[in-house]
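Step one of this worksheet: look at the structure below.
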Amino acid sequence: MDASTASTIKDLLAAPSTTFVLGIVASVIAAPLWLLLSGGLDYLKADLPHLAHKWEFKYIEPDGQGSPTASYEHLQLKQFGTHVWGTAIKPGDDRTSLTYKGRIKRRSLVMTYRLSNYSAVTVGSGALHALIADDDNSIEGWCIWHDRDTKRIESSPIEGRKVA
């Protein structure tokens, strides 16, 4: 590269508009690039659980009279490396649609969830922490949430299994 070309490139990079454009380009590609590198490289781990599938979660929550009763959610989980996310519905309850997101840490699944139509309040939000079975077909752990019916913090053991 000759001196005039180097000088032209140096002048171009020193211009405020070029710096601004380079900053915008860097900010646009930084987040997807980080996600690709942080999640994509996790696929190199042979022992990473594979959770992308349809699931059924079972937990205990108070019914309308406050008596403990079994409740179920049907989930569709997606996965990219250690990142896991998805949506769930409660069969027979058309007002309940939940959004899940979380991560796999070793053989443990750590997620947060919230009612899809309650984004601005804590009612309908919660978390779960569960151990993943060695065959990746089931989980077992605990969940905690801010219940929209009782307006209290509730907790329950949770069991999950992959379904066809």
**Message:** Of the conditions (1) modelled with pLDDT under 85; (2) surrounded by 13 or more Cβ atoms within 10 Å (Cβ to Cβ); (3) of a type outside the set (Gly, Ala, Ser), Tyr100 satisfies every one except a single condition; which number is it?
**Reply:** (1)
**Item:** Residues being in a strand (DSSP E or B) and polar (S, T, N, Q) - total across region 120-140
**Value:** 2
**Prompt:** Just wondering, is there one or more residues in region 91-114 that are of a type outside the set (D, E, K, R), closer than 14 Å to Phe57 by Cβ, touching a strand residue (DSSP E or B) at 6+ places or on another chain (Cβ under 7 Å) and not in a strand (DSSP E or B)?
**Reply:** yes
**Fill in**
Exception for His50 within (1) part of a loop (DSSP other than H, G, I, E, B); (2) modelled with pLDDT under 90 falls at (2)
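Quick test for you: out of Thr82, Thr112, Thr150, Thr122, pick the one residue that is loosely packed, with under 14 Cβ neighbours inside 10 Å and in contact with a Gly (Cβ under 7 Å, 6 or more places away or on another chain). It would help to see each step written out before you state the result.
Details: Thr82 fails: loosely packed, with under 14 Cβ neighbours inside 10 Å; Thr150 fails: in contact with a Gly (Cβ under 7 Å, 6 or more places away or on another chain); Thr122 fails: in contact with a Gly (Cβ under 7 Å, 6 or more places away or on another chain).
Result: Thr112 is the single residue among Thr82, Thr112, Thr150, Thr122 that is loosely packed, with under 14 Cβ neighbours inside 10 Å and in contact with a Gly (Cβ under 7 Å, 6 or more places away or on another chain).
Answer with yes or no whether Gly92 is on the phi > 0 side of the Ramachandran plot and surrounded by 13 or more Cβ atoms within 10 Å (Cβ to Cβ).
Numbers: on the phi > 0 side of the Ramachandran plot: yes; surrounded by 13 or more Cβ atoms within 10 Å (Cβ to Cβ): no.
No.
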**Item:** Among (1) part of a loop (DSSP other than H, G, I, E, B); (2) touching a Leu at 6+ places or on another chain (Cβ under 6 Å), the one test that Cys143 misses
**Value:** (1)
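The values are calculated or read from the model by the stated rules, or taken from the named source; none is laboratory data. Bear in mind the structure is a predicted one, so any value in this text is a computation, not a measurement. Don't worry about glycine lacking a Cβ; one is built from the backbone with ideal geometry, like all the others, and counts go over all protein chains shown.
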